[in-house]
Amino acid sequence: MKLKNGAEYMESLRKIKPVVYFKGKRIEDVTRHPATAPHVRAAAMTYALASDHEHRELATATSHLTGRTISRFTHVHQGVDDLIKKIKLLRVLGQKTGTCFQRCVGCDGINAVYSVAYEIDEKHGTSYLDRFKDWLMHIQDENLMVVGAMTDPKGDRSKGPADQPDPDQYVHVAERRDDGIVIRGAKLHMTGGVNSHEILIMPTSAMREDARDYALVCAVPVDAPGVTMIFGRQASDDRRDKKERIDSGTPSFGAVGGEAVIAFEDVFVPKERVFMDGETEFTGTLVYRFAAHHRANYGACKTGLMDVLTGAVSYLTQIQGTSKASHVKDKITEMIHLNETLYSSSIACSAEGWPTPSGAYMVDTMLANVCKQNVTRFHFEVARLAVDLAGGLLATLPSQYDLESEEVGHLVRKYFSGVAGIPTEHRMKISRLIEAMTGSTALVESMHGAGSPQAQRIMILREGELEKKIKLAKALMGIPQKG
Ligand code: SF4
Ligand code: FE
């Protein structure tokens with residue numbers, strides 16, 4: 001692993017020059033700009049844990065391609081043990097950052113593409129897997145961060161990719177050359193895009209045969225000519241000024257992943273970086289494998305976040321003098337219960353993992369969908385309980401400027417104090433953390449990241465084996481199976 005820690009990761013980002021815009025202006029250095037730096041630090045934690053004695057076993061793996069030690073985020077899962085270790089790693093990272101650390105998307109993309117490339121080669125005699133392995137060994141040895149790029153803008157959603165008035169609404173091959181392809185289009189909501197090294201482009205949905213040019217998997221460096229990123233706004237991002245460290249809530253790592261639009265305007269991709277080109281019949285499998293891996297993650301990374309949130313609320317009740325009330329204890333108990341229920345399904349879908357023909361392991365897809373569906377409810381319920389316990393203070397707290405003001409600072413200190421001996425600043429800090437962790441941007445991520453709730457419900461019904469369940473009921477009551 002060339003990049004050995006967070007500092008080396010950040011240094012590596014300074015050496016590349018991707019085109020990144022925020023609020024209409026170019027960002028020259030994402031590691032230092034206040035909008036992006038917190039997200040860079042969160043991703044850097046994935047590098048830090050790999051060299052940390054306590055977490056090294058979770059954060060690293062042995063490459064099945066080279067036998068060398070690599071980051072788990074670049075690993076192709078070789079068994080159930082790998083799947084479970086990934087889940088445990090994500091919870092620890094959620095606990096240490098309190099936010100999205102972004103690197104799992106690339107890992108899930110790597111695993112989905114690996115298994116599908118094998119199956120395409122088996123059917124068509126292509127050599128996608130060999131190309132992919134070459135690229136992957138480079139990623140593993142250099143220890144690069146990969147953004148898994150799936151979601152297309154989709155334009156008019158009543159029409160498929162090939163029927164759009166504007167063909168660029170889905171990333172597609174605009175031109176085929178002897179030495180590669182030229183691509184156009186964009187990917188939206190790209191977590192970690194601005195602070196990755198490579199983009200792994202995948203189709204956004206199952207494609208019909210007439211959408212051959214859209215059935216595309218390839219890898220592009222973030223600073224390839226023609227790639228432009230626009231970083232998204234987040235709630236309270238103006239508070240990330242150094243003078244407002246308390247008010248920003250999560251000054252070190254940001255409130256959520258840090259997402260960007262990535263536009264591809266005639267980007268050339270050499271042949272050796274193309275891992276699917278036109279095999280529409282494999283697009284559905286690829287998307288579903290990626291989604292299932294990512295849905296499994298959510299009961300782990302979000303569990304880590306909710307550990308922090310539960311701790312923050314518990315501490316706030318202590319310093320407000322309400323921690324011993326029975327309803328407070330009951331609500332904290334409920335937060336823990338919901339959180340551990342989510343974690344259980346992440347562990348369960350990993351424990352029920354199975355080998356694809358390539359040898360790469362998949363999670364149990366039904367349980368992964370159930371896991372993510374529950375995140376869209378439980379995270380909101382945990383946030384609701386946190387806001388309930390924290391009180392109206394979350395919405396009315398004066399700013400750090402007032403706390404530090406010569407004129408009114410004494411009033412803030414006096415009237416926002418709690419239990420004697422605890423500095424008012426502590427109460428303000430922890431309240432801001434709860435505000436940031438229950439705010440809109442953080443929760444939208446739990447609702448729509450890894451697919452909207454309806455995407456999971458479709459798969460839950462599809463995989464629910466209803467006919468089998470009807471047979472069970474009939475058999476139990478002696479009703480003929482054909483009746
Ligand atoms: Fe990883 Fe969770 Fe962020 Fe997805 S939302 S990239 S699983 S930390
Ligand atoms: Fe996500």
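The values are calculated or read from the model by the stated rules, or taken from the named source; none is laboratory data. All figures in this text were calculated on a predicted structure; none of them were measured in a lab. In this analysis, Cβ positions are derived from the backbone assuming ideal geometry, glycine residues included, and neighbour counts consider all displayed protein chains. We work out accessible area using only protein heavy atoms, side chains counted, and drop any ligands, DNA or RNA first. Shrake-Rupley method; radii C 1.70, N 1.55, O 1.52, S 1.80 Å.
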For a test of the definition: using alpha carbon positions, the gyration tensor, and the 1.5 limit on a/c, classify region 1-101 as rounded, prolate or oblate. prolate
Just add up the charged neighbours of VAL375: K/R +1, D/E -1, any other residue whose Cβ is under 14 Å from the Cβ of VAL375. +3
Between SER344 and GLU11, what's the calculated FRET efficiency when r is the beta-carbon distance and R0 is 45 Å? Round to 0.05. 0.70
Taking amide hydrogens as modeled 1.01 Å from N in the peptide plane, which residues meet the under 5 Å criterion relative to THR60, leaving out close sequence neighbours? ARG72
If amide hydrogens are placed 1.01 Å from N in the peptide plane, which non-local residues have theirs closer than 5 Å to the one on THR191? ALA260
Note down the magnitude of the dipole of region 286-473 about its Cα centre, charges +1 on Lys and Arg C-beta and -1 on Asp and Glu C-beta and zero elsewhere, to the nearest 20 debye. 500 debye
Inter-label distance, nm, simple model (7 Å from Cα along the C-beta direction), SER405/LEU65: 5.8 nm
In nm, to one decimal, how far is the GLU209 label point from the LYS23 one, both placed 7 Å along Cα→Cβ? 5.3 nm
Under 5 Å from the placed amide H of ALA174, counting only residues 5+ away or on other chains, we find VAL182, ILE183, ARG184
Taking a probe of 1.4 Å, how large is the accessible area per residue of the chain, in Å²? 42 Å²
Which value, in debye to the nearest 20, gives the size of the charge dipole of the chain about its Cα centre, when Lys and Arg are +1 and Asp and Glu are -1 at the Cβ? 1180 debye
Calculated from DSSP H runs of 4 or more alone, at -39500 (n - 2.57) each and per residue, what is the 222 nm mean residue ellipticity of the chain, nearest 500? -15500 deg cm²/dmol
Can you check what the net charge comes to around ALA300, using other residues whose Cβ is under 10 Å from the Cβ of ALA300 (Lys, Arg +1; Asp, Glu -1)? +4
What are the ³J(HN,Hα) couplings of region 297-310, residue after residue, when phi is run through the Karplus curve with 6.51, -1.76, 1.60 and θ = phi - 60°? Round to Hz, x for glycine and proline. 4, 5, x, 10, 5, 5, 5, x, 4, 6, 4, 5, 5, 5
I need the phi-derived Karplus couplings for region 459-471: 6.51 cos²θ - 1.76 cosθ + 1.60, θ = phi - 60°, integer Hz, Gly and Pro marked x. 6, 5, 5, 4, 9, x, 6, 4, 4, 5, 5, 4, 4
What full-extension length gain, to one decimal in nm, is calculated for LYS123 and TYR415 as 0.36 nm per residue of separation minus the Cα-Cα distance? 98.0 nm
Region 286-473 -> Rg/Rh from Cα coords, Kirkwood Rh, value 1.13
Applied in sequence order to region 255-266, the curve 6.51 cos²θ - 1.76 cosθ + 1.60 (Karplus, θ = phi - 60°) yields integer Hz couplings, x standing for Gly and Pro, of 8, 8, x, x, 10, 9, 7, 10, 9, 10, 10, 6
Suppose the chain between MET477 and LYS324 were pulled fully straight at 0.36 nm per residue; how much longer would it get relative to their current alpha carbon spacing? 49.9 nm
FRET efficiency for GLU334 and MET447, Cβ-Cβ distance as r, R0 = 25 Å, nearest 0.05? 0.80
